[in-house]
Amino acid sequence: MASLIRRTLLLRTFCRAKRFTCHSQYVHQESAGAERMSNSSKESNETHFGFQTVKESEKADKVYEVFEEVAQSYDKMNDAMSFGIHRLWKDIFVDRLAPSKPCKILDVAGGTGDIAFRIAKYLRNSDGGGITVCDINQAMLDVGRKRASELGFSGMEWLQGNAECLSSIADNTYDSYTIAFGIRNVTHIDKALKEAYRVLKPGGQFMCLEFSQVQNENLRWLYDQYSFQAIPVMGQLIAGQWKAYQYLVESIRQFPNQEEFAGMIERAGFAFVRHENLTFGVVAIHCGHKL
């Protein structure tokens, strides 16, 4: 009975915030197209790398190469591509996370430290203790470590690891799991979500910031024109990397829309799943809890 009351109170609290769209844990309309794509991929052991079709065993290496190539210019390109708006998205993301002391937080695909540093500042945590940054790419982690040293965050932990298999992390370890602009790059999103669920403590919070689908058709057309015509050119001029940023814009279009991704989060076991669109749905914040 106590458990039922607790769940009811939590549900009321989460759904009261109108900025979020809430999803039932038990009722969700799935996209037939997404299901067919998933089934086809499983049967053929192939997946997408942008608009290319590649073997599942190859995708992780290809993504690794992309981020190894752009690591040094990653933050500069984020500023250029989004006209600095990514900073506001990340600020809002950490504000929605609303961490409180004492807590243990795992930031996955967080190599350069953008989210981790914001969390530490939000907590007024002078050395970043209690925050672990995990990334599959060592070059990205190296950039993050250097930035952390410059900012004085000596207490952060830096871990090279794959979001789909966090084998070095025990069950029920963290209070919060964050991932920003990273989950669309994994080969098996469902496996990454299940690992997130596993490493969280009961009551722990999953938070994801990711590119999503612009809701308005006219704005979506404009956004597509900018993405495909301008971003790869900027990648070449600023970072010397056309193909890496062509992959970026293609990978965004391959990622499930807001409702489809919410359904995946629910199927991983999370409760009280909800999302909030930012900038007309260019990105979305997704949240769920482990009961």
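The values are calculated or read from the model by the stated rules, or taken from the named source; none is laboratory data. Bear in mind the structure is a predicted one, so any value in this text is a computation, not a measurement. Reconstructed Cβ throughout: ideal geometry from the backbone, glycine too, with neighbour counts over all protein chains shown. To get the accessible areas, we keep the full protein, side chains included, count just its heavy atoms, and leave off ligands, DNA and RNA. Shrake-Rupley method; radii C 1.70, N 1.55, O 1.52, S 1.80 Å.
Of everything in the stretch 113-127, what is in a loop (DSSP other than H, G, I, E, B) and surrounded by fewer than 24 Cβ atoms within 10 Å (Cβ to Cβ)? Give them in sequence order.
Leu123, Arg124, Asn125, Ser126, Asp127
Could you identify the single residue in Phe272, Phe280, Phe261 that is assigned to a strand (DSSP E or B) and modelled with pLDDT of 95 or more?
Testing whether each residue is assigned to a strand (DSSP E or B) and modelled with pLDDT of 95 or more leaves just Phe272.
Looking at the stretch 159-182, which of its residues are open to solvent by 10 Å² or more (accessible area, probe 1.4 Å) and closer than 20 Å to Lys101 by Cα?
Passing the criteria: Asn172, Thr173, Tyr174, Asp175, Ser176.
If you check Glu157 against the conditions, is it in contact with a His (Cβ under 8 Å, 6 or more places away or on another chain) and of a type outside the set (Val, Ile, Thr)?
Answer is no for this residue.
Going residue by residue through the stretch 132-140, is there one that turns out to be open to solvent by less than 60 Å² (accessible area, probe 1.4 Å), part of a helix (DSSP H, G or I), among the hydrophobic types (A, V, I, L, M, F, W, C) and at pLDDT below 95?
There is at least one residue in the stretch 132-140 that is open to solvent by less than 60 Å² (accessible area, probe 1.4 Å), part of a helix (DSSP H, G or I), among the hydrophobic types (A, V, I, L, M, F, W, C) and at pLDDT below 95.
Only one of (1) part of a loop (DSSP other than H, G, I, E, B); (2) of a type in the set (Phe, Trp, Tyr); (3) in contact (Cβ under 8 Å) with a residue 60 or more places away in the chain fails for Tyr197. Which number is that?
(1)
Can you pull out every residue in the stretch 148-194 that is of a type in the set (D, E, K, R) and in a strand (DSSP E or B)?
Matches in the stretch 148-194: Glu157, Asp175.
Based on this model, can you work out whether Tyr247 counts as hydroxyl-bearing (Ser, Thr, Tyr), more than 20 Å from the chain's Cα centre (by Cα) and open to solvent by less than 50 Å² (accessible area, probe 1.4 Å)?
Taking the combined requirement at face value, the residue does not satisfy it.
A quick yes/no check of all residues on (1) assigned to a loop (DSSP other than H, G, I, E, B); (2) surrounded by 12 or more Cβ atoms within 10 Å (Cβ to Cβ); (3) out of contact with any Gly (no Cβ under 8 Å at 6 or more places or on another chain); (4) not aliphatic (A, V, I, L, M):
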| position | (1), (2), (3), (4) |
| --- | --- |
| Gly204 | no, yes, yes, yes |
| Gln213 | yes, yes, no, yes |
| Leu219 | no, yes, yes, no |
| Gln225 | no, no, yes, yes |
| Gly235 | no, yes, yes, yes |
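Within the stretch 1-110, which helices (runs of 4 or more DSSP H) (wholly inside it) include 3 or more residues that are at pLDDT 80 or above and open to solvent by 50 Å² or more (accessible area, probe 1.4 Å)?
Of the helices (runs of 4 or more DSSP H) lying wholly inside the stretch 1-110, those with at least 3 residues that are at pLDDT 80 or above and open to solvent by 50 Å² or more (accessible area, probe 1.4 Å) span 56-70, 85-97.
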